[in-house]
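A short write-up of the structure that comes next.
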Amino acid sequence: MNTRIDLKSSEKASYKLATFADCTADLMVGLSLLLLDLFPLTRAALGATCNALFFLVVLNAIAFVFSWVRKKLGPSRIGVVKFGALVKKRVWISGLITAALSAGMILIWILSSRGQFPNTSAWLGDYSIEIVVSVIVLMILVGGLAYTFGVQRYYLFGILIAACFPLQQLLPVYEGTPFLAAGGIITLCGSVILAGFLKEYPPLDEGQEGN
Amino acid sequence: MNDEITNNPLADPDQIIHAPARLNIMTQLYVVESADYIFLKNLTGLTGGNLSAHAAKLGEAGYLEIEKSIVNKKTHTVAKLTKAGRKAFEAYRGKMMEVLEKK
């Protein structure tokens, strides 16, 4: 039994249990990356705009399905918790930072595709600016999540996701292959952790004892 | 000598909070707004019976607000620290830190 009066650790442990223990987020990211593996193929078939819309709809559908799964899994296994105003504020600020960084990244991709950064080769070598920015932004976002909540596996996920973009340029294979590999590894990790979670946290009534 | 005992913060700790299991419950609830018994059991490692007994004691002292409801024909209990509970926990924590951080 943990009896330390360490409020930061307690808060972190509560948030980690409520948010990351069921690893539905891992599976959602893994499956999204597996789907992104098909991006170059569907772009050739649908055209750039329709393809972007198609992925927007499908990725949102995946997010919706996983939030539904989380609602079904969580309450009977890990219980229900409501966080205070301070935690809600921190989550809101983190969401804003994530949205701002993601929007900046997308903007750079759009500007780059329109030839707005023609003279970056002197300091970026063979890499285009959008690749470098994407790697930095994704490492900051996923690494920040891993550091803040002490979820060690997210460091690996951050490296895998960020590495997809330079590998796409470096490897002489189909463009989607790095996403397939990263998505496969993350989905596999998520599935193993989910199996452990289902075993460790059986559905409980209040009077029942866990394992 | 008597003055030394009176000034010692350990001389009179809040006995309701001082028990390890109840301190654990108070600590977990202090950092959230409310939590149900299943979540508290997972976080504290207490058994259902232990949790109920200690939570009841904290409730009697006015530190805990316990709300019971029926969800899907099962009892669902949510616990929340009262203002008095938060104040008592802060006072207890302050006392303990004063003792432990004294050189």
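Side notes on the structure shown:
- A Cβ-based charge dipole, computed about the Cα centre of region A:16-200 with Lys and Arg at +1 and Asp and Glu at -1, lands at about 900 debye.
- Helical content of chain B, expressed as a calculated mean residue ellipticity at 222 nm, amounts to -17500 deg cm²/dmol (DSSP H runs of 4 or more residues, -39,500 (n - 2.57) each, divided by residue number, nearest 500).
- Burial ordering of B:Val71, A:Val58, A:Val142, fewest other beta-carbon atoms within 10 Å first: B:Val71, A:Val58, A:Val142
- Distance between modelled label sites at A:Thr49 and A:Glu175, nm, 7 Å Cα→Cβ extension: 1.9 nm
- In this rough spin-label picture, where each label sits 7 Å from Cα along the Cβ direction, the A:Arg114-A:Ala61 distance is 3.1 nm.
- Kyte-Doolittle mean at least 0.0 and Cα axial length at least 20 Å: DSSP H helices in chain A: A:48-77, A:85-113, A:129-149, A:153-170, A:177-200
- Euclidean distance between Cα centres, region B:20-45 to region A:47-84, Å: 28 Å
- Prolate/oblate/rounded call for region A:59-114, Cα gyration tensor, a/c under 1.5 rounded: oblate
- Relative to the current alpha-carbon distance between A:Asp6 and A:Ile140, full extension at 0.36 nm per residue lengthens the span by 45.5 nm.
- Distance from region A:130-207 to region B:65-92 (C-alpha centre basis), Å: 37 Å
- Exposure proxy ranking, count of Cβ atoms within 10 Å, fewest first, for B:Arg86, B:Arg22, B:Arg93, A:Arg77: B:Arg86, B:Arg93, A:Arg77, B:Arg22
- Computed over chain B with a Gaussian network model linking Cα atoms closer than 10 Å, the most mobile of B:Ala56, B:Ala19, B:Ala79 is B:Ala19.
- Per-residue [θ]222 nm for chain A (sum of -39500 (n - 2.57) over DSSP H runs n ≥ 4, rounded to 500): -26000 deg cm²/dmol
- Most mobile listed residue (B:Lys57, B:Lys87, B:Lys68) in chain B, GNM with C-alpha springs under 10 Å: B:Lys68
- The mean of 1/r over all distinct Cα pairs in the protein assembly as shown, once inverted, gives the Kirkwood hydrodynamic radius of 22.8 Å.
- Amide H within-cut-off set for B:Leu64, under 5 Å, with H built and near neighbours excluded: B:Gly59, B:Thr82
- Put in order of Cβ neighbour count within 10 Å, fewest first, the listed residues B:Asp36, B:Asp12 become B:Asp12, B:Asp36.
- The number of Lys pairs in region A:16-200 with C-alpha atoms less than 24 Å apart, excluding pairs fewer than 8 positions apart on the same chain, is 13.
- Cβ-Cβ FRET estimate between A:Trp68 and A:Ile106, R0 fixed at 35 Å, reported to 0.05: 0.85
Quick note: the coordinates plus some simple rules give every number you see, no bench work behind them. Worth saying up front: this structure is predicted, and the values here are computed from it rather than measured. Neighbour counts run over all protein chains shown; Cβ positions are idealised from the backbone, glycine included.
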